[in-house]
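Rule-based calculations on the coordinates, nothing more; no lab input. All values reported here derive from a predicted model rather than from experimental measurement. For neighbour counting, all protein chains shown are included, and Cβ atoms are generated from backbone atoms with ideal geometry for every residue, glycine included.
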Amino acid sequence: MSRPILPLPVLLPALLAGFPAVAQPLDSKVVVAVPAQMPATRYLYSTGTLKAVNQVDLVARVSGTLDAIRFEDGARVARGEVVFVIEQEPYRISLASAQADLAQAQANLRQAAANLQRQQTLSLKQIVADSSLESAVAQNEVSRAQVASAEARLRTAQLNLSYTEVRAPFDGILSARTLDPGAYVNAASAPKLATLVQPSPLRAVFSANERQVIEIRKVMAERKVTLDGRGPIPVEIGLQTDTDYPYAGTLDYIAPEVDAASGTMTLRAKVADPGPLLSPGMFARVRIPLATVKALAVPDAAIGTSQLGRTVMVVGAGDRAEIRKVAIGEKLAGGSREILDGLGAGDRVIVEGGASVRPGEPVSIVDHL
């Protein structure tokens with residue numbers, strides 16, 4: 001007995017009834033944000049070195065045996081304090097000799113002055129010849145000159161004795177000494193006994209090219225400020241280990257000419273309160289705020305890196321994901337990043353859920369930030 005043949009529209013559902021249903025792919029759920037208008041500061045960036053405002057080598061100005069060292073290496077000293085003492089006895093003897101020479105010269109001057117007065121009296125009475133008066137005048141002048149010379153030698157002896165005490169010219173920190181007590185110091189070679197460094201304030205010395213200096217000067221002209229303290233230009237400074245620029249300074253010097261070898265100009269900023277971490281000689285990152293403008297910004301976490309460079313994912317036409325190459329600028333408040341190019345004000349930027357989304361895939365927007 002023949003069986004009836006069922007038509008295909010009836011047979012196909014029956015044949016598929018024994019197989020499990022195939023799940024349709026679900027759209028990825030994402031959170032998006034529209035680029036916001038935020039204030040962004042334009043900076044001039046540079047690198048430089050921290051230097052002490054005052055730093056000097058302590059040197060001997062007279063020769064002799066190094067008798068005493070009054071401070072330990074690395075100690076803080078105040079202005080005027082004695083740091084090194086050079087053998088003083090030879091210079092005390094020289095001072096005493098100079099004092100004796102001055103006393104003798106002064107005695108000779110008194111004698112010459114008395115003789116001159118006597119010769120003048122006798123000359124008025126025409127008792128002595130004119131030549132005797134002239135001789136007395138000359139001898140008086142010679143005695144005056146001898147007194148002046150003796151006074152100069154006395155002053156020199158006093159200075160030399162004072163130079164046996166090497167004093168700190170300002171408050172600061174001493175470096176390690178280069179000589180030990182008992183060593184002979186030859187002033188002719190001006191040996192460095194130690195270095196004195198003033199740790200605060202500090203200066204950041206850096207360079208800028210001609211175009212950058214012109215921008216700085218334009219800003220100064222617009223703000224009607226100068227480098228002599230009237231409305232200072234702020235400078236922000238950071239170390240190699242800093243992610244930001246936590247130290248504040250003010251621009252206090254711009255070189256008057258361009259260095260022909262490098263094509264740059266030297267600039268300097270004063271850091272009034274460097275804190276305990278900054279020291280002379282350290283590398284410094286420097287930036288100078290020039291102007292504040294309105295800019296497009298998106299959350300920094302939404303920006304990724306690919307073979308294209310810096311990119312973001314956006315929800316495009318048909319609610320499908322698109323990848324956009326962007327040019328980024330400064331970090332802004334609240335974890336945002338300035339976008340210089342690549343996005344428009346109405347673009348929907350994926351800020352959450354985009355890690356597993358591929359360009360062209362459909363997405364479902366679940367929230368707007």
Legend entry - Integer Hz, Karplus 6.51/-1.76/1.60 couplings in order for the range 236-251, x for Gly and Pro: 10, 10, x, 8, 4, 8, 7, 8, 10, 10, x, 9, 9, x, 9, 5
Inset, instruction - Go through [x] 21.3, 75; [y] 22.2, 82; [z] 42.7, 187 and flag the label whose value is the computed Rg and Dmax of the Cα atoms in Å for this structure. - result: [z]
Legend entry - Local electrostatic count, Asp367, Cβ distance below 15 Å [Lys/Arg +1, Asp/Glu -1]: -1
Inset, instruction - Taking H placed 1.01 Å from N in the peptide plane, check which residues at least 5 places from Phe170 or on another chain put their amide H under 5 Å from its amide H. - result: Gly80
Inset, instruction - Give the order of Ile214, Ile254, Ile237 when sorted by the count of other beta carbons within 10 angstrom, beginning with the fewest. - result: Ile214, Ile254, Ile237
Legend entry - Karplus-derived 3J(HN,Hα), 6.51/-1.76/1.60, for each residue of the range 262-277, Hz, glycine and proline x: 9, x, 10, 10, 7, 10, 9, 10, 9, 9, 6, 10, x, x, x, 8
Legend entry - All aspartates and glutamates inside 15 Å of Lys192 as judged from Cα atoms, apart from same-chain residues fewer than 8 positions distant: Asp57, Asp73, Glu165, Asp180
Legend entry - Rg and Dmax [Cα atoms of the range 89-163; Å; Rg one decimal, Dmax integer]: 16.8, 55
Inset, instruction - Round to the nearest 0.05 the FRET efficiency obtained for Arg217 and Arg144 when R0 = 51 Å and r is the Cβ-Cβ distance. - result: 0.30
Inset, instruction - Just need the relative contact order of the chain here, percent rounded to a whole number, with Cα pairs under 8 Å and 6+ apart. - result: 28
Legend entry - Expected 222 nm ellipticity per residue - DSSP helices of 4 or more, -39500 (n - 2.57), all of the chain, to 500: -9000 deg cm²/dmol
Inset, instruction - Provide the FRET efficiency to the nearest 0.05 for the Arg155-Leu122 pair, computing r from the beta carbons and using R0 = 30 Å. - result: 0.20
Inset, instruction - Would you please give the residues with an amide H less than 5 Å from that of Gly316, counting only those at least 5 places away or on a separate chain, with H modeled from the backbone geometry? - result: Ala321, Glu322
Legend entry - For Glu81, net neighbour charge (Lys/Arg +1, Asp/Glu -1) across residues whose Cβ lies under 11 Å away: +2
Legend entry - Virtual spin-label span in nm between Val366 and Tyr184, 7 Å along Cα→Cβ: 8.8
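Taking N as the number of residues in the range 267-348, what value does Rg over Cα atoms divided by 2.2 N^0.38 Å take?
With N residues counted in the range 267-348, Rg over 2.2 N^0.38 Å equals 1.57.
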Inset, instruction - Straight distance only, please: which aspartates and glutamates reach the Cα of Lys218 with their own Cα at less than 13 Å, same-chain residues fewer than 8 apart left out? - result: Glu210
Inset, instruction - With label points built 7 Å along Cα→Cβ from the Cα atoms of Ser131 and Arg92, find their separation and express it in nm. - result: 5.2
Inset, instruction - Provide the per-residue ³J(HN,Hα) series for the range 81-97, in order, calculated from phi with Karplus coefficients 6.51, -1.76, 1.60 and θ = phi - 60°, each as a whole number of Hz, with x at glycine and proline positions. - result: 6, 6, 9, 10, 10, 9, 2, 9, 4, x, 7, 5, 5, 4, 5, 5, 5
Inset, instruction - Report, by chain and number, residues whose modeled amide H sits under 5 Å from the one on Glu330, excluding near sequence neighbours (fewer than 5 apart, same chain). - result: Glu338
Inset, instruction - Could you let me know the centre-to-centre spacing of the range 315-369 and the range 148-210, using Cα atoms, in angstrom? - result: 63
Inset, instruction - Pop the C-beta distance of Ser306 and Asp57 into the FRET formula with R0 = 41 Å and round what comes out to the nearest 0.05. - result: 0.15
